[in-house]
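K.L.:
Handing you this structure, nothing more for now.
The values are calculated or read from the model by the stated rules, or taken from the named source; none is laboratory data. It should be emphasised that the depicted structure is a prediction, and the values quoted were computed from it without experimental measurement. Cβ atoms come from the backbone with ideal geometry, glycine included; neighbour counts cover every protein chain shown. With ligands, DNA and RNA removed, areas are computed over all heavy atoms of the protein, side chains included. Shrake-Rupley method; radii C 1.70, N 1.55, O 1.52, S 1.80 Å.
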Amino acid sequence: MTSNANTTASTTTAAQHYPTLQQTIEEIVATGFVGLHVRVDDEQGVWVGSAGRSELGQSAPPPINGRVRIGSNTKTFVATVVLQLVAEGTIALDAPAVDYLPRFELDPRVTVRMLLQHTSGIFNFTGEFYEDGTSAPGVVAWSGKDWVDNRFQTHHTDELVRRALAKPARFEPGTDWSYANTNYALAKLLIEAVTGHSLAEEMQRLILGPLGLCDTVVPETSTEIGGPHAHAYYRYDDAGVEQTIDVTSQNPSWISSGGDMISTSKDLHTFLSALLRGTLLPAPLLAEMLTPEAKVGYGLGVFVQQTETGTVITHNGGHGGHAALMYSTLDGTKTMTAALNYIDDADLSMSATFQAATQRLLDEVFGAATA
């Protein structure tokens, strides 16, 4: 696999700075992905490259700056909106979330901060995986034939939350950490409750409009991605017969604001760089966002990771054959963003390969991660 004419670096200096990156992404694709597009922005310039295919059965590589479903990278956008409303005085970060959402029977000890930091203990509506290897099913089908057959169904965020809250809490609020999409579904509803506007409207007012992110979308129940994009695929068992289908079109309301947004590598760079340079949040709130909890290093909507060259701020996400990567230095001067398309399945059989790929890109662009 080789890059096409559109994947050349935009500056000679940037190309010289990453002389082996194109070979790296080609080798990564060869481990089992359909396609991969990578963008690096730093003080040397911009490097962009892609490898693999945009669509099974076709030879064209993934489009440079094509749209992709960004999965849990959505959480960074949602957390930023919440913190912007904190800056406006509309929300208090350490207030009980139930003060803003009295229609739910939330534990009054659960604060807005706990929602953003995944320390609320609230059940994850897509299911729980416990340290002892056991699991609890979620309240919505998100894998296998059930998801394939129902991928155009509309799910209401209120109902997802109510069904999650009917499940036992994982731990006492503030005593542990556990990743839960329910936290960010509640954050969406909180934003809408205090502003009287939809999350999409507030996202447009506070982030997308000011930054000119024309290819970033809060899709709500819309099934299409729009614009140039690589295709996503899903493999599943149908009465003992393995099927692989194109799932690029789907109704993402099943994941709600836990991971429904669409963007591009360029828009992700613009957003993350602006966020970390202080364009979107006042310094004290940005510092709050980037202060990690002790268990896994999660701040408010971001992971805070250490590499041999310094601190890296990141959030990645993926499901249903699309994934997005988003990394930046602490000051926003160097970012790496990427879009992947692949064949997903109920066993998440690409997860180890995905982790290895992201680690390799992180090592090459930012330096090896430290413990």
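K.L.:
Residues of the chain: accessible area per residue at 1.4 Å, in Å²?
P.N.:
Values: 14600 Å² over 371 residues.
Here the per-residue accessible area is 39 Å².
K.L.:
When the Karplus curve 6.51 cos²θ - 1.76 cosθ + 1.60 is applied with θ = phi - 60°, which whole-Hz ³J(HN,Hα) does each residue of the range 158-168 get, with x for Gly and Pro?
P.N.:
After applying 6.51 cos²θ - 1.76 cosθ + 1.60, I find 3, 5, 4, 5, 4, 5, 5, 5, 6, 8, x Hz.
K.L.:
Rounded, prolate or oblate: which one fits the range 33-77, using the alpha carbon gyration tensor with axes a ≥ b ≥ c (rounded when a/c is under 1.5, else prolate when a/b beats b/c, else oblate)?
P.N.:
Judged from the Cα gyration tensor, the range 33-77 comes out oblate (a/c at least 1.5, b/c at or above a/b).
K.L.:
Given charges of +1 on the Cβ of Lys and Arg and -1 on the Cβ of Asp and Glu, with all other atoms neutral, how large is the dipole of the range 178-287 about its Cα centre, in debye to the nearest 20?
P.N.:
Values: 5 positive and 12 negative charges, 113 e Å.
That gives a dipole near 540 debye.
K.L.:
Determine the dipole magnitude for the chain: charges of +1 sit on the beta-carbon of Lys and Arg, -1 on that of Asp and Glu, nothing else is charged, the reference point is the Cα centre, and the result goes in debye to the nearest 20.
P.N.:
Roughly 400 debye for the chain.
K.L.:
Same structure, new question: Could you point to the label whose value was computed as volume of the Cα convex hull per residue in Å³ for the structure here, given (i) 153; (ii) 227; (iii) 132?
P.N.:
(iii)
K.L.:
Show which aspartates and glutamates lie in cross-link reach of Lys188 when reach means a straight Cα distance below 20 angstrom and same-chain residues fewer than eight apart are skipped.
P.N.:
Correct list for Lys188: Glu88, Asp94, Asp99, Glu105, Asp107, Asp158, Glu159, Glu201, Glu202, Glu220, Asp260, Glu288.
K.L.:
Along the Cα→Cβ direction, 7 angstrom out, place labels at Phe129 and Glu224. What is the inter-label distance in nm?
P.N.:
3.5 nm
K.L.:
Same structure again: Does the range 147-261 come out rounded, prolate or oblate by the C-alpha gyration tensor, with a ≥ b ≥ c the root eigenvalues, rounded set by a/c under 1.5 and, if not, prolate when a/b is larger than b/c and oblate if not?
P.N.:
Values: a/c = 2.17, a/b = 1.13, b/c = 1.91.
The shape class here is oblate.
K.L.:
Please state the shape class of the range 24-111: rounded when a/c is under 1.5, otherwise prolate if a/b exceeds b/c and oblate if not, all from the C-alpha gyration tensor. All intermediate terms of the calculation are to be shown ahead of the outcome.
P.N.:
Details: a/c = 3.93, a/b = 2.38, b/c = 1.65.
Prolate shape, in that a/c is at least 1.5 and a/b is the bigger ratio.
K.L.:
Which residue, Gly227, Ser249, Gln204, has the largest displacement toward the positive end of the dipole of the range 167-251 when charges sit on each Cβ (Lys, Arg +1; Asp, Glu -1)?
P.N.:
Checking the options against the dipole of the range 167-251, the answer is Gln204.
K.L.:
Next question, about the same structure. Name the residue from Leu160, Phe171, Gln23 whose Cα lies farthest towards the positive end of the charge dipole of the chain, charges +1 on Cβ of Lys and Arg and -1 on Cβ of Asp and Glu.
P.N.:
Among Leu160, Phe171, Gln23, the one farthest towards the positive end of the dipole of the chain is Gln23.
K.L.:
Of Tyr184, Val40, Ser72, whose Cα points farthest to the positive end of the dipole of the chain (charges on the beta-carbon: +1 Lys, Arg; -1 Asp, Glu; origin at the Cα centre)?
P.N.:
Most positive-ward Cα: Val40.
K.L.:
Using a probe of 1.4 angstrom, how much of the accessible area of the chain is carbon and sulfur, in percent?
P.N.:
Heavy-atom surface of the chain belonging to carbon and sulfur, 1.4 Å probe: 50 percent.
K.L.:
State to the nearest 20 debye the size of the charge dipole of the range 34-150 about its Cα centre, where the only charges are +1 on K and R beta carbons and -1 on D and E beta carbons.
P.N.:
Result for the range 34-150 is approximately 380 debye, rounded to the nearest 20.
K.L.:
State the extension gain, in nm to one decimal, for the chain segment bounded by Glu27 and Arg277, taking 0.36 nm per residue of separation less the distance between their alpha-carbons.
P.N.:
86.7 nm
K.L.:
Right, another one. Mind checking the full-extension length gain between Asp246 and Cys214? Use 0.36 nm per residue of separation minus the Cα-Cα distance, one decimal, nm.
P.N.:
Value of the extension gain: 9.0 nm.
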